[in-house]
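Trainee: This is the structure I have questions about; it appears just below.
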Amino acid sequence: MMRKKLVSVLTISVICVSMLLGCSVSTDTGDASLNEGNTSNEGNTSNEESSGDATEISWIFYDDLNVSEDLVTKGYKDVIERFNEDYAGKYHVNVISTPREEYDTKLNALIASGNIPELFTCHPGPLMEQYVDAGVAADLTEILQKDNPDWYKSFKDGIFDKLTYDEKIMAIPTNFSAALVFYNTQIFEEVGVTPPETYDEWLEVCEKIQDAGYTPIACSAKDPWCISLLAGYLCDREDGPDNLQGVSEGTLDWTSESYINAGNKLIELSQYFQPTAAGDSNDQANAEFTSGKAAMLVQGSWVIGEINGRVPEIEEVCGAFRFPAIEGGADPDRMMVKTDNIMLSSKAEGDKKEAAIELLKYFTDETAQKYVAEEAGKIPTTNVEVDTAVAPKQYNYVEEVLDNTTATFGFYNESLATTEAGDIFDDAIVEIYLQNATPQEAFQELQDYYEKNVCFFRSWLATSFPKEPDAQAKEIVKK
């Protein structure tokens, strides 16, 4: 069972967003404007206009289906077009598109205004928990298990584990990603190096690549989640217990030796980033890799669809290997993973609810799921048969790493007690990289937050439920 978050802040945040922006939001045409006077036409990606009799629904997504070169996004566009064509005159879906960095703000503004899209994309972890706790998302358990058992059985075992809250399934996963180190096989061959197994070997490889005139690792610190992803692996690989579980349970402090060591390794490894990493965005870091200037890129496997869509020739020279082990450290076959997910609004009723459920089925039907793997290079969430011979070459590297995986864990910034804790983690990692703070100082900020907010909650819970805590309380204490 997935834990519930410690404190819900969604209601406060959306009210504040609504008050601060004074937004006027409408989903009638598929376009949602945060400010009055916004004349953007982004949103409706259907090539066919809806008839007046069709039931209209909306889905909000963090990319523009009309212009994006990302192969995953193109697959979503195909889903929308197939759905609108198949249900012409009965159902019609409008897509509200928004830049990734503005997505949460825009969705929360829509929720605050009462114009909740019938479907919205959301990552698992505290952010999703906020929508669950606030009653914004619908319970999908009965819809899946009772009303559509064949649909439910089509999904891979365990795929709903991190989407389940208090034994209720709250989202539909559309694809699955693992974080790895992508590398340019041509550069590796030219320099005479092979994928490193350990952190020390990795440093040696980086040194040789740098001596050959290439940037060893492309990374973005302007988009903190990118460098946070890499740092999360360093935190996990360090010696000791499951560090993520330790801080969640309160048995490990953020100022423990393992986290300080991870911070110092980040500083050590960052000398091999491109000189402009501090100001480079995720897209710029990816371009550093696809242009052949950088030899490696630490990213989730969603990047396959991004880089292959923009630079098709990169597929031929792009390999991938697991994040290296730290000698004497934790299990190196643990993989950082996540799913892309869609939630159903709890306000969707009648024909709108039925239309939304049918669209969710389209996102996970055989056509969509085969595209996920064979075109975009991501892992399907259903038991669809994948032709690996036609899938992107990187897909087979990912599958090989996953075949040897012993356990999985979530992205650090999406797996902490609250979304605020995740933001503080991201900030701490950037500050360490910029050397504006030592690892001790940066992680102390996070420890202070936990002691003030999370530890207080644990203490209150133990006092409030001293004998027979209910199932929810037990789960929170455990996590």
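Trainee: What's the total number of residues in the range 156-173 that are open to solvent by less than 10 Å² (accessible area, probe 1.4 Å) and in a helix (DSSP H, G or I)?
Mentor: 1
Trainee: If the requirement is being over 19 Å from the mean Cα position of the chain (by Cα) and under 27 Å from LYS74 (Cβ atoms), which of these qualifies: PRO124, PRO117?
Mentor: PRO117
Trainee: For the range 174-249, which helices (runs of 4 or more DSSP H) that fit wholly inside it have 1 or more residues that are among the polar types (S, T, N, Q) and open to solvent by 40 Å² or more (accessible area, probe 1.4 Å)?
Mentor: 185-191, 199-211, 243-249
Trainee: Return the only residue of LYS370, LYS353, LYS338 being under 28 Å from SER58 (Cα atoms), open to solvent by less than 30 Å² (accessible area, probe 1.4 Å) and out of contact with any Lys or Arg (no Cβ under 7 Å at 6 or more places or on another chain).
Mentor: Answer to the selection: LYS338.
Trainee: Quick one: how many residues across the range 342-377 are under 17 Å from TYR152 (Cβ atoms), of a type in the set (Asp, Glu) and not in a helix (DSSP H, G or I)?
Mentor: Of the residues in that region, 1 qualify.
Trainee: Right, something else. Any chance you could count how many residues in the range 291-316 are open to solvent by less than 30 Å² (accessible area, probe 1.4 Å) and in a helix (DSSP H, G or I)?
Mentor: 8
Trainee: What's the number of the condition THR405 fails, among (1) outside any helix (DSSP H, G or I); (2) closer than 30 Å to ILE96 by Cβ?
Mentor: (2)
Trainee: Checking VAL372 against (1) farther than 30 Å from ASP242 by Cα; (2) without any contact (Cβ under 8 Å) to a residue 24 or more places away in the chain, which single condition isn't satisfied?
Mentor: (2)
The values are calculated or read from the model by the stated rules, or taken from the named source; none is laboratory data. What you are looking at is a predicted structure, and each value in this text was computed from that prediction instead of being measured. Glycine gets a Cβ as well: all are built from the backbone with ideal geometry, and neighbour counts include every protein chain shown. Just the protein is used for accessible areas: all its heavy atoms, side chains included, with ligands, DNA and RNA removed. Shrake-Rupley method; radii C 1.70, N 1.55, O 1.52, S 1.80 Å.
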